[in-house]
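Encoded as structure tokens, the structure appears first; notes follow it.
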């Protein structure tokens, strides 16, 4: 988590914003701090665009908006040019699952992301046993590349499944698994390239 001024140093409008922050490099979190509020003012910094996480609606950067904020919802926006992996729902780290990982692509700019994996049950990762899967989105050609897996760890699954979702209004939005995906990819560790519609 970090303040907006760390990414938009030249934007004087972010210097006094103390109630919005970035989670990672792409998710804009806007807590509601006013009792009884059902909306709040949100500044969207200059970017290729921002997607409302819950609706998939794309908004322009460099503007202030009023975001809906009912009691059960914090306004979240994802920067255009982001890859957001959503893993299968599990109750504990070692729970086996054969469900696919959903890769949400927020178009509008190029993006890259590294999926980090380890056994999840010890501190062995500090000694090196882990794997990284690089992802790259080329916006101009609408191409996603899932790169060659680097590294390994005990009990690492040989094969993985990825459901690719190109986010748009009411598609790939919200915390639930997307039912209609743009592409499903079987991944066995070698580089795979896919052009999305």
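Each reported figure results from applying straightforward, stated rules to the coordinates on display, with no laboratory input. Just so it is clear, the model here is predicted, and its values are computed rather than measured. No Cβ is skipped: glycine too gets one built from the backbone with ideal geometry, and neighbour counts run over all protein chains shown.
By the count of neighbouring beta-carbon atoms within 10 Å, fewest first, 28, 4 end up ordered 4, 28. Here the Debye sum runs over all C-alpha atoms of segment 150-197 as equal scatterers in vacuum, and log10 of I(q)/I(0) at q = 0.27 Å⁻¹ comes out as -1.03. Annotation: the residues 168, 155, sorted from fewest to most other C-beta atoms within 10 Å of their own C-beta, follow the order 155, 168.
Summarise the long-distance tail of P(r) for segment 65-137 by giving the % of C-alpha pairs beyond 19 Å. Walk me through the intermediate numbers first.
On the way: 1487 of 2628 pairs.
Of the Cα pairs, 57 percent sit more than 19 Å apart.
Listed by Cβ neighbour count within 10 Å, with the fewest neighbours leading, 23, 113, 162, 77 appear as 23, 113, 162, 77. Taking every Cα-Cα distance in the chain and sorting them into 10 Å bins starting at zero, the pair-distance distribution P(r) comes out as 8, 31, 32, 22, 6, 0 percent.
What's log10 of I(q)/I(0) for segment 82-195 at q = 0.19, 0.23 Å⁻¹, Debye sum over Cα points only, no solvent? The Cα Debye sum returns log10 ratios of -1.05, -1.40. Run the Debye formula on the Cα coordinates of segment 13-122, all scatterers equal and no solvent, and tell me log10 I(q)/I(0) at q = 0.17 1/Å. Debye intensities relative to I(0), on a log10 scale: -0.90.
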